[in-house]
Structures are given as C-alpha cells and as structure tokens.
Ligand code: TRP
C-alpha cells in the first residue's frame, strides 16, 4: 500500500521544478469524482503564515494544549529516554514544541530534524545550534513518509522519534499505521516514539477549531485557490467558493472542503472543470482518536504503549510508544 500523495510531507514552498507535479495533481484532483486536492499544497509562504496564525486562535486548542502537556510531562519523557539518545523529528515545522521538550532533556546527544525542504532545515538548524550549543544538530533532507536512512554514526545509537501536532491525524488510518511502521524501521527495535494525537470530543468544539470566528482557517483553505491561480495560471474566482469544515462522526474525522457557491466552470492552465452548485473540493482530513483507539492502531504497526498523557480537560493526548521486535 502506498501513502496517498495528498497527504505526504508538507514543505514551506514548492520549488518551480515541482510545478509540473503540482499541475498534474490539480488536474487529477479537479477531474476526479468526488473532487479533492492534496493538502500538502496548502503550505506556500502565505499558507504557512496563515497556519501559524491558526495555531494561536482561541478556538484552535491543539497547539497550546500540546505545549502544555509537553511542559508538564517533559520530566516523565526524560525518565523514559536512555541517556545519550538522539532525537529524530519527522517533519519539522516551528521549533516551539521541540524547544519545550529540549528543556527537559539535558542528556540528549543529538537532534535530527527530517524535512523535504533543505533550506528550511538549514536555517532552523543554525538558530538551534546558537541556542543549544552542546547539542549536535544534524538535519536530514528526506520525505519522512518513505523509508530513508539516518546518517552514518546514528545507526545502533539509542534513538527516539518525535511527531507532534497530531499530523498523524492527517493520514488515513491505514496510512497512519503504515507510516508508524516506517518510523519503526528507521528507528529500530527498542526505540521510543513521542507523538501528539488529537482526541474525539464534542462536535461543537471540534468544528469551531476548524472554522474560527475570525475566518483565518477559511482564508487558509481558500489560499489554495489563490495559489493555483498564481502558480498554475488558474482562473478560479476565490469568492465563488466557501470554506466548510465539519465532523464526520462515522469516520471520526474533521473534513475540510471548498464548496462552490454556484454552478460554474473553472479553468486551470487550459483545462476546464465543471462544478454543480454546492459541489465541493475535499482538501483535508484530520482524524480524531480515543486513547485506546490510537493504542490499537500503534499496536498494529509494531509499537507498544508506554504511557499516554492528556491535559485536564481531555482535549489532546501525547503518547510514548516503544518499538517491539
Ligand atoms: N495536524 C493539524 C490538525 O489536523 C494541523 C492541520 C493540518 C490543520 N491541516 C489543517 C489545522 C487545516 C487547521 C486547518 O489539526
């Protein structure tokens, strides 16, 4: 089974050389039924800035809640980690969460951020080295959704993985399990994995987090259209689409869509795509788990649960897993 390319690692910007792939994905997605676009294209410069704003919104509880759990449980994580271990972060966004964790892990020997964007990684590595002079920072340019090898010298070392932000929830459950298995193969038997997982909760709380009053999440979703217009010679009126986010309880996921406000035909680089009024483009899923539901998924992928921590309101969870033989 392969990972849905819609859901592979996001990079802050897509270089020009990748525009052929972007166009192919957009033509495929708008030609499909139902229509869908790969979530990874949200993150151009404007999209990344909007996402930063989302993480600070009053309705968007995941970021601040996860930071709180990391602060509170940092000592517990440190106790589970062997001295001299190296920490591998799969996909490295803002370093805020990592910094919270590092404070509690003075015994850590090295930090290996893995991301597809080399420029971003090098910048990030430089600032971290300045702030943590004793820490070896060794960036790895790779797509973390596919097996990759760690730099020489890190194989056989005590390793731990870090995957915050409930990014695991943006993958279909089968793909999430496959991804966890990939992590396990990279880190090896006995390795630890610390990851953030958003929890099932009241529909109103979930839906507000993905459809905030200030309209930032709507702007983030609609920015995909602006990006298609700019980078792919698209002629889509962003005002003719509406942001829609809802909790699909049967699938236990938030779905984000761009809904056509009217019947229309849009053009992208010479190709036309017809929309009925109310027809949507599915742009993102964010799966929500129960603690036991996530433990079962991890177990299927070869990871045993060591600990699972939540905030006092039970909004978000942080799991510590151990890779079995
Ligand atoms: N993984 C996070 C989540 O699902 C971040 C995220 C991905 C997100 N896409 C998003 C947040 C779209 C808001 C809107 O919550």
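So if I check each of 144, 171, 132, 241, which one is buried (at least 16 other Cβ atoms within 10 Å of the Cβ) and more than 21 Å from residue 44 (Cα to Cα)?
Just one listed residue meets the conditions, 132.
Here's a check for you: in region 69-103, which residue that is under 20 Å from the mean Cα position of the chain (by Cα), surrounded by fewer than 19 Cβ atoms within 10 Å (Cβ to Cβ) and away from the ligand (no atom under 16 Å from the Cβ) is farthest from residue 144 (Cα to Cα)?
Among residues in region 69-103 that are under 20 Å from the mean Cα position of the chain (by Cα), surrounded by fewer than 19 Cβ atoms within 10 Å (Cβ to Cβ) and away from the ligand (no atom under 16 Å from the Cβ), the one farthest from residue 144 (Cα to Cα) is 100.
State whether one or more residues within region 227-235 are within 12 Å of the ligand (Cβ to nearest atom) and assigned to a loop (DSSP other than H, G, I, E, B).
no
Among the numbered conditions (1) in a helix (DSSP H, G or I); (2) within 11 Å of the ligand (Cβ to nearest atom); (3) in the same structural domain as residue 236 (by TED's automatic domain parsing), tell me where residue 211 comes up short.
(1)
Read through the list (1) touching a helix residue (DSSP H, G or I) at 6+ places or on another chain (Cβ under 8 Å); (2) not in a helix (DSSP H, G or I), then give the number of the only condition that residue 70 fails.
With respect to (1) touching a helix residue (DSSP H, G or I) at 6+ places or on another chain (Cβ under 8 Å); (2) not in a helix (DSSP H, G or I), residue 70 is out only on (2).
Looking at this structure, is residue 255 within 18 Å of residue 39 (Cα to Cα), touching a residue at least 60 places away in the same chain (Cβ under 8 Å) and either assigned to a strand (DSSP E or B) or within 16 Å of the ligand (Cβ to nearest atom) (or both)?
No; evaluated as a whole, the condition is false for this residue.
Here's a check for you: in region 236-252, which residue that is over 26 Å from residue 174 (Cα atoms) and assigned to a loop (DSSP other than H, G, I, E, B) is farthest from the ligand (Cβ to nearest atom)?
Step by step, filter region 236-252, then rank; the result is 237.
Would you be able to tell me the number of residues in region 30-54 that are farther than 16 Å from residue 229 by Cα and either in a helix (DSSP H, G or I) or not assigned by TED's automatic domain parsing to the domain that holds residue 232 (or both)?
Of the residues in region 30-54, 10 are farther than 16 Å from residue 229 by Cα and either in a helix (DSSP H, G or I) or not assigned by TED's automatic domain parsing to the domain that holds residue 232 (or both).
Filter region 178-192 down to the residues that are under 16 Å from the mean Cα position of the chain (by Cα) and surrounded by 21 or more Cβ atoms within 10 Å (Cβ to Cβ), then identify the one that is farthest from residue 284 (Cα to Cα).
183
Would you pick out the residues in region 151-170 that are over 21 Å from the mean Cα position of the chain (by Cα) and within 23 Å of residue 78 (Cα to Cα)?
Once the filter is applied, which keeps residues that are over 21 Å from the mean Cα position of the chain (by Cα) and within 23 Å of residue 78 (Cα to Cα), region 151-170 yields 153, 154, 155, 156, 157, 158, 159.
The values are calculated or read from the model by the stated rules, or taken from the named source; none is laboratory data. Please read all numbers here as calculations on a predicted model, not as lab measurements. Neighbour counts run over all protein chains shown; Cβ positions are idealised from the backbone, glycine included.
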